[in-house]
Amino acid sequence: MCCNFKSSLLKNEMRHLSLVAVMLLGVALLPACKEVALYSRIANIDGGSWQAAKPVNFELDIPKAGQAYYVVVTIRHTHLYAYRNLWVKLGLQPPGADTLNYADFDLQLANNEQWLGVGMNDTYERRLRLFQKPVTFASAGKAKFSLEHIMRSNPLEGVLQVGLSLEPVR
């Protein structure tokens, strides 16, 4: 009887430990439920030297008219980048349109003390939402984006990669 009692206690403890382990696993996986971007691409800048005359172009399919998206730009640069900001011109050609519409953006990459965003060794990444409000496309189809720097320095040294993401608004 003594051994049966210990055995049932051990089984109960194992059930409780299993339940706790499952709960901890669920909490650990919770961040994996983050919304996935409809489109996310990053382009390498040759030699880490971005020429003003070489815009980075992206083309994607908008699957559903009326869906709102955040437009997010990613800039990866080295500690050798000489400025705290980066002026870019974004061109957007919605599905069914014939021309690109342009808007200029001042992307803050650093404050007075440090680089903003995520850094490892001498490389930094900054993700920034463009536009105050999400962008909604009136029709489904191919959309084109063009991103170029409009800084006075040319070429712009220290920029390694430029990326674009469209993230659905939920």
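The values are calculated or read from the model by the stated rules, or taken from the named source; none is laboratory data. From a predicted model like this one, the values you see are computed outputs, not experimental measurements. Note that we place each Cβ from the backbone using ideal geometry, even for glycine, and neighbour counts take in every protein chain shown. What goes into the accessible areas is simple: the full protein's heavy atoms, side chains included, and nothing from ligands, DNA or RNA. Shrake-Rupley method; radii C 1.70, N 1.55, O 1.52, S 1.80 Å.
Overview of results
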| read-out | value |
| --- | --- |
| Sole exception among (1) over 18 Å from Tyr69 (Cα atoms); (2) open to solvent by 50 Å² or more (accessible area, probe 1.4 Å) for Arg127, by number | (1) |
| Tyr102 being in contact with a Gly (Cβ under 6 Å, 6 or more places away or on another chain) and over 19 Å from Val135 (Cβ atoms) | no |
| Flag for Lys142 being part of a strand (DSSP E or B), farther than 21 Å from Lys54 by Cα and in contact with a Pro (Cβ under 8 Å, 6 or more places away or on another chain) | yes |
| Residue under evaluation Leu92, criteria (1) in contact (Cβ under 8 Å) with a residue 24 or more places away in the chain; (2) farther than 22 Å from Gly119 by Cα; (3) open to solvent by less than 40 Å² (accessible area, probe 1.4 Å); (4) not in a strand (DSSP E or B), criterion not met | (4) |
| Set Asp106, Asp98: member being at pLDDT 95 or above and loosely packed, with under 11 Cβ neighbours inside 10 Å | Asp106 |
| Failed item, numbered, when Met120 is tested on (1) in contact with a strand residue (DSSP E or B) (Cβ under 9 Å, 6 or more places away or on another chain); (2) free of Cβ contacts under 8 Å to residues at least 12 places away in the same chain | (1) |
| Qualifying residue in segment 68-76 (condition: in a loop (DSSP other than H, G, I, E, B), among the hydrophobic types (A, V, I, L, M, F, W, C), in contact with a strand residue (DSSP E or B) (Cβ under 9 Å, 6 or more places away or on another chain) and farther than 20 Å from Leu160 by Cα) | no |
